[in-house]
Amino acid sequence: MPDNKELSKTEKEKSVSGRTGKRAGKDADIVPVCQKNDELILDIEDLGTEGEGIGKIQGYTLFVKDALVGDKVRVKIMKTKKSYAYAKLLEIIEPSEWRTEPACPVARQCGGCQLQHCTYEKQLEWKRKKINDCLKRIGGFENIEAEPVIGMEEPYYYRNKAQFPVGYSKDGSIITGFYAGRTHNIIPFKHCLLQHPCNSRILGIITRFLDENNIPAYNEATHKGIVRHIITRTAQATGEVMVCLVINADKLPATDKLVQMLLESDITEDKGTKESKEKPFIKSICININKENTNVILGEKTEVIYGTPYITDYIGNIQYHISPVSFYQVNHSQTEKLYNKVMEFADLKGNEVVWDLYCGIGTISLFLAQKAAKVCGVEIVPQAVEDAKANALLNNLDNVEFFSGAAEEVVSLQYEKSNSRLKADVVTLDPPRKGCDEKLLQTVADMQPARIVYVSCDPATLARDLKYLCGKGYMVEKVQPVDMFCQSYHIECVVKMQKKYI
Ligand code: SAH
């Protein structure tokens with residue numbers, strides 16, 4: 001990860017002279033070695049893959065969380081490695097023009113947002129650069145540039161799924177909030193700027209309910225207590241909200257009171273976002289039982305105590321039922337933009353056979369099935385395949401077929417069974433961060449689709465896989481980033497590849 005490119009002499013001298021620790025060399029030619037607890041002054045020159053600031057002292061790389069390109073900062077060395085170190089930001093001496101005051105008061109402690117201190121415009125520019133760097137460095141693509149990132153008009157309140165741990169404050173009162181970065185310490189907070197605004201009201205009602213009924217929060221260390229997590233899901237297109245309490249018991253006391261309190265309250269907050277038009281209302285209240293001593297949030301059993309076992313959402317014209325366990329994209333309005341790009345890049349005329357690999361609950365499969373002759377989806381999680389089949393029925397789409405299993409196994413087996421005659425007009429790939437298995441990419445190339453649409457959440461593995469496919473007769477036509485996770489370092493990309501005809 002660290003980049004150890006040598007600095008020019010003048011840059012070297014500049015960084016050394018900027019160093020305030022007692023080990024700062026009188027002679028610029030003596031390479032100073034940072035040590036733990038040293039304090040330095042540093043110019044931040046770049047951001048690392050997780051949005052951390054990068055500065056250099058004589059070619060030695062320092063990673064500084066919460067620092068931005070263009071900042072001059074005073075830092076303290078926390079941990080050293082052979083060619084890089086981690087440092088803590090102590091003071092911003094000269095702020096970068098990228099800097100903005102984070103809208104959330106706990107942005108720095110909380111593990112959720114890494115870039116709230118950066119203007120949204122610069123976040124998008126940096127994300128585009130990150131993709132371009134990967135395309136060049138990993139993919140060897142010298143002449144391909146990602147398009148400008150499709151961002152959000154209002155990059156807040158976009159998440160449709162929230163998981164709040166429940167615990168105790170130092171004074172013994174029940175709290176909910178978020179884990180501080182890389183820990184299980186709860187930062188008590190009810191109003192998260194990424195979650196749907198209705199969450200603040202819901203958390204307020206549930207903590208009051210627990211207090212009034214003396215229901216204890218779960219304690220991870222002792223494995224005692226009852227309420228572990230509060231999960232909420234909201235359906236942007238319909239306004240339906242699901243509330244689910246995860247408990248370390250067979251029953252939650254006073255469930256009738258909980259239902260009454262939730263239904264009697266108005267969960268609407270004024271801070272409705274431009275992207276969510278529907279007023280939220282509670283459609284489903286569930287209890288999930290998780291008595292295991294584990295970090296996994298959900299247990300296997302879910303009971304409905306009010307309403308339906310699912311909420312209904314739409315992406316475009318396609319309807320989805322979402323249960324507490326369903327996988328579903330977290331940013332509804334950006335997902336719609338992403339899927340519209342997938343549709344545009346797939347360029348369907350109506351007679352095509354499409355293979356949608358890594359299909360999850362069939363969201364892309366069903367979206368494309370509206371315009372294709374047939375769509376085959378492949379997904380490794382059996383429950384997701386069941387959801388995909390149910391969603392196909394729900395939408396009366398009978399031109400889809402779903403296969404359960406690893407894409408690399410399922411597709412090559414189908415290819416072998418067809419005596420190498422299995423063809424696809426379009427293949428869509430949407431793998432997890434580690435990207436596609438090489439065996440799968442080989443089989444996809446053997447199927448000779450005219451177009452491949454690759455949806456990726458990791459620019460590094462994307463660049464690697466695009467390079468592989470380019471070696472198998474494909475070329476990259478367009479790289480379109482979509483910002484699905486505003487304020488974080490993550491970026492989603494959709495790429496159109498065409499078969500080369502020689
Ligand atoms: N296309 C879907 C889901 C994408 S997330 C959507 O847009 O909602 C990636 C999916 O790949 C997950 O559902 C994960 O379970 C699945 N997956 C991971 N490894 C896989 C493999 N080897 N073969 C098939 N699916 C896999």
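Tabulated values for the structure
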| read-out | value |
| --- | --- |
| Hits in the range 354-373 (condition: more than 10 Å from the ligand (Cβ to nearest atom) and within 19 Å of GLY405 (Cβ to Cβ)) | VAL354, TRP355 |
| The listed residue being modelled with pLDDT of 95 or more, within 15 Å of the ligand (Cβ to nearest atom) and closer than 26 Å to PRO148 by Cα, out of PRO459, PRO432 | PRO432 |
| Filter pass, TYR310 being closer than 21 Å to VAL243 by Cβ, open to solvent by 40 Å² or more (accessible area, probe 1.4 Å) and out of contact with any helix residue (DSSP H, G or I) (no Cβ under 7 Å at 6 or more places or on another chain) | yes |
| Conditions (1) crowded, with 16+ Cβ neighbours inside 10 Å; (2) more than 18 Å from VAL455 (Cα to Cα); (3) within 16 Å of the ligand (Cβ to nearest atom): number failed by ILE305 | (3) |
| Set LEU338, LEU298: member being in contact with an Asp or Glu (Cβ under 7 Å, 6 or more places away or on another chain) and in contact (Cβ under 8 Å) with a residue 60 or more places away in the chain | LEU338 |
| Flag for PHE178 being within 30 Å of GLN236 (Cα to Cα), of a type outside the set (S, T, N, Q) and open to solvent by 40 Å² or more (accessible area, probe 1.4 Å) | no |
| For LYS439: the one exception among (1) part of a helix (DSSP H, G or I); (2) more than 15 Å from the ligand (Cβ to nearest atom); (3) over 24 Å from the mean Cα position of the chain (by Cα) | (2) |
| Scope the range 445-502; condition small (Gly, Ala, Ser) and either without any contact (Cβ under 8 Å) to a residue 24 or more places away in the chain or within 25 Å of LEU68 (Cα to Cα) (or both); matching residues | ALA460, GLY471, SER488 |
| The range 181-193 residues that are of a type in the set (Phe, Trp, Tyr), paired with ones that are crowded, with 16+ Cβ neighbours inside 10 Å (beta carbon under 7 Å, 6 or more apart) | PHE189/VAL106; PHE189/GLY177; PHE189/PHE178 |
| Residue check for ILE267: modelled with pLDDT of 95 or more, open to solvent by less than 40 Å² (accessible area, probe 1.4 Å), among the β-branched types (Val, Ile, Thr) and touching a helix residue (DSSP H, G or I) at 6+ places or on another chain (Cβ under 9 Å) | no |
| Verdict on TYR328 being hydroxyl-bearing (Ser, Thr, Tyr), in contact with a helix residue (DSSP H, G or I) (Cβ under 8 Å, 6 or more places away or on another chain), open to solvent by less than 30 Å² (accessible area, probe 1.4 Å) and at pLDDT below 95 | yes |
| Any pair with Cβ under 9 angstrom, 6 or more apart, that starts in the range 228-253 at a residue that is closer than 27 Å to TYR320 by Cα and open to solvent by 10 Å² or more (accessible area, probe 1.4 Å) and ends at one that is among the β-branched types (Val, Ile, Thr) and assigned to a loop (DSSP other than H, G, I, E, B) | HIS229/ILE297; GLU240/THR308 |
| Some residue of the range 182-200 being crowded, with 19+ Cβ neighbours inside 10 Å and part of a helix (DSSP H, G or I) | yes |
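Conditions tested, residue by residue: (1) in contact with a strand residue (DSSP E or B) (Cβ under 7 Å, 6 or more places away or on another chain); (2) closer than 17 Å to CYS493 by Cα.
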{"position": "THR312", "(1), (2)": "yes, no"}
{"position": "GLY316", "(1), (2)": "no, no"}
{"position": "GLY350", "(1), (2)": "no, no"}
{"position": "VAL353", "(1), (2)": "yes, no"}
{"position": "LEU357", "(1), (2)": "yes, yes"}
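The values are calculated or read from the model by the stated rules, or taken from the named source; none is laboratory data. Given the structure is predicted, the values throughout are model-derived calculations rather than measurements. Cβ coordinates were reconstructed from backbone atoms using ideal geometry, including for glycine residues, and neighbour counts include every protein chain displayed. Protein only, heavy atoms only, side chains kept; ligands, DNA and RNA dropped before computing areas. Shrake-Rupley method; radii C 1.70, N 1.55, O 1.52, S 1.80 Å.
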